[in-house]
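Q: This is the structure I have questions about; it appears just below.
The values are calculated or read from the model by the stated rules, or taken from the named source; none is laboratory data. Remember, it's a predicted structure, so these values are computed and weren't measured experimentally. Virtual Cβ from ideal backbone geometry, glycine too; neighbours counted across all protein chains shown.
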Amino acid sequence: MSKRGTEKRFTSIGVRDSKMLRPRRREELYDQIKKLSLEVKVDCIEPSEINEAMRRRISLNELEAIHFAKLFDQVENEVGTFYLDSPDVIAEKFGVRVNMSSAKAARVSGIKNDKAGARRATRIVSEHKADSRYPIVSAASIIAKVTRDREMRKIERKLGIRLGSGYPSDFSTVDAVRKHMTEVALMEHLREHWATMDNIRQTRITSFVTQR
């Protein structure tokens, strides 16, 4: 959360979509963003929670909406506009999900709301690629990315395994999972319902059949 005028400060120090920045630069901006912000709230979704949600047929988008709402409710200062980088195909739909999961009075931009007091409620702006459009969302993406990278390094130290970035596009990550997927300690940090895991399992089965 930032106060009025802070967005310009974010831009002036080089804040932009975290994907456009090198790890070292993100780390440098991390501390600056925290100093400039009124509040910074961070939440982590553990693999076990994702696995449980999948078993209950709760989508990742729904789970994210619940956690976004949780963070929104934890903000102590008054919020005029709450920006969301929507993962949903229909951006407004994600905004509605967050609004429904939140205990605060809010209205989703682009969605008609005739309830009394709706105009005075916090405005929720839910858009695709909001992290490249709004400095405040860019700043949040940097905080999230640095936090995630630090968590990955903690897991690596705990397991003694180089895991890379943790993304399915990273060969180091896929290779590490392929080599150590029988180790219970590693499996605790993986999603059961993950396309990458399915592909790795299928590759192992195919390899076994071919060798026979």
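Q: Of all the residues that make up region 56-109, how many are within 28 Å of His189 (Cβ to Cβ) and in contact (Cβ under 8 Å) with a residue 12 or more places away in the chain?
A: 24
Q: Could you figure out which of (1) part of a loop (DSSP other than H, G, I, E, B); (2) within 15 Å of the chain's Cα centre (by Cα) isn't true of Ile111?
A: Condition not satisfied by Ile111: (2).
Q: On to the next question. Considering only region 28-47, state which residues are more than 20 Å from Ala69 (Cβ to Cβ) and under 17 Å from the mean Cα position of the chain (by Cα).
A: Tyr30, Pro47
Q: Which members of region 59-82 meet the condition of being over 17 Å from Val40 (Cβ atoms) and part of a loop (DSSP other than H, G, I, E, B)?
A: Once the filter is applied, which keeps residues that are over 17 Å from Val40 (Cβ atoms) and part of a loop (DSSP other than H, G, I, E, B), region 59-82 yields Ser59, Gly80.
Q: Further question: Kindly check whether there is at least one residue in region 57-71 that is of a type in the set (D, E, K, R), touching a Ser or Thr at 6+ places or on another chain (Cβ under 9 Å) and exposed (fewer than 12 other Cβ atoms within 10 Å of the Cβ).
A: Among the residues of region 57-71, not one is of a type in the set (D, E, K, R), touching a Ser or Thr at 6+ places or on another chain (Cβ under 9 Å) and exposed (fewer than 12 other Cβ atoms within 10 Å of the Cβ), which makes the answer no.
Q: Condition check: farther than 18 Å from Ser138 by Cβ, loosely packed, with under 12 Cβ neighbours inside 10 Å and modelled with pLDDT under 95. Does Glu52 satisfy that? Write out each step before concluding.
A: On the way: farther than 18 Å from Ser138 by Cβ: yes; loosely packed, with under 12 Cβ neighbours inside 10 Å: no; modelled with pLDDT under 95: yes.
Here the answer is no, as Glu52 does not meet what is asked.
Q: When region 83-108 is examined, which residues are found to be in a helix (DSSP H, G or I) and of a type outside the set (Asp, Glu)?
A: Ala91, Lys93, Phe94, Gly95, Val96, Arg97, Val98, Asn99, Met100, Ser101
Q: If only one of Arg204, Arg178 is in a helix (DSSP H, G or I), more than 24 Å from the chain's Cα centre (by Cα), at pLDDT 70 or above and outside the structural domain of Leu60 (by TED's automatic domain parsing), which one is it?
A: Numbers: Arg204 fails: at pLDDT 70 or above.
Criteria check complete, one pass: Arg178.
Q: Can you name the number of the only condition in (1) under 18 Å from the mean Cα position of the chain (by Cα); (2) surrounded by 14 or more Cβ atoms within 10 Å (Cβ to Cβ) that Lys104 fails?
A: (1)
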